[in-house]
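Each reported figure results from applying straightforward, stated rules to the coordinates on display, with no laboratory input. Here the structure is a predicted model, which means the values were calculated and not measured. We place every Cβ from the backbone using ideal geometry, glycine too, and count neighbours over all the protein chains shown.
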Amino acid sequence: MIEDDLRAAFARHEPLTPSTGPLRAAIDRLAVRRRRRRHRWRAGGAALAVLGVLGVGVPLFTPDHAGPPPAAELAGESGRPAAGAVNVLLLGVDGFGADPSHRLADSVLLVHIPADRSRPYLISLPRDLEVSVPGRGFDKLNSAFYSGTGEARPDLEAGYDLTRQVVADLTGVRVDAGAVLTFTGLRRLTEAVDGVDVCLPDAVRSWHTRRTYPAGCQRLDGAASVDLLRQRRYLAAGALERDVNAQRYVVGLIQRVTARDVVTDPARLAALLSAAGTGLRVDDGGLSLARLMALLPELQSVDPVGLSLPVGPPVDDRTRLPLDPARAPAFLAALREDRMAQWVTRHPEQVNRLR
């Protein structure tokens, strides 16, 4: 009897039950967004890796929760190239653990590939640059990554997303893709190519290991590469010079990978991608693998130009750097308008010596 009463009650109230259609549609939309976000951080790994060895900076672009793409995928259709200039954001972090100091993006590199595909431009953005960080106010650029990751359950991808927003607001350019690299991934990558040649204009003494890296060109193994790229305390220009040393490492890496024909051999490229292991994450920014790969044959030169965003001396806060009011506006205008070649021609003294 009770069962019959319940059935009757349900029957009477069934017309009053709200439709499940809107709720189901909302759940489906959320699932699609999450699926697209996962795909965005996975699909572009191979193409970004190739761009990396051609001057983007670090071919460390496979997410740590997915293995390297197979050689067959790397040898797939080239597709139509991305139109216009392409900008790739690379973030270097010490690590990604519980220690908050390991969640600061101490290396911020914007790679600009002009529409004419002449050559890549490596543009270092100082970690101590004062910027507006949403939800944090004015702070150093490297704090954007930490602020985005959160504290309870750190989210590396969210840290990248907030930094990308800050960089886009600062420069006025669209960031098409990007990646996050840890020192562990850098060490493994260096070892995978049997060392990288780095040319230093002056000797560098390590504050961490007390090792001295002499002026001139030298081949560094994985541990030495990480040690060198961490140094800023004994450098005349501090962290600004460390950014230039990172560009010098990039040039050496390009030469090693090019000499080994990694770019033209999908199997070797796939093997190189697997070397970085868990020390990397990638954001393809919605650009397909085929479109990113199609950039490669269009590049007229793989020899990058190293530049640094012009900044001035600290003003009120001794640890924060403002934009140089005399040089930065013209520099950023050239970047937004895809006129970096003309800017370099007019300001050759601003080009970093990489070899």
- Can you spot a residue in the range 224-243 that is touching a residue at least 24 places away in the same chain (Cβ under 8 Å), surrounded by fewer than 17 Cβ atoms within 10 Å (Cβ to Cβ) and not in a loop (DSSP other than H, G, I, E, B)? no
- Message: Looking at the range 320-336, can you tell me whether even one residue there is farther than 22 Å from GLY84 by Cβ and assigned to a helix (DSSP H, G or I)?
- Response: yes
- Task: Would you mention how many residues in the range 127-142 are of a type in the set (S, T, N, Q) and surrounded by 22 or more Cβ atoms within 10 Å (Cβ to Cβ)?
- Result: 1
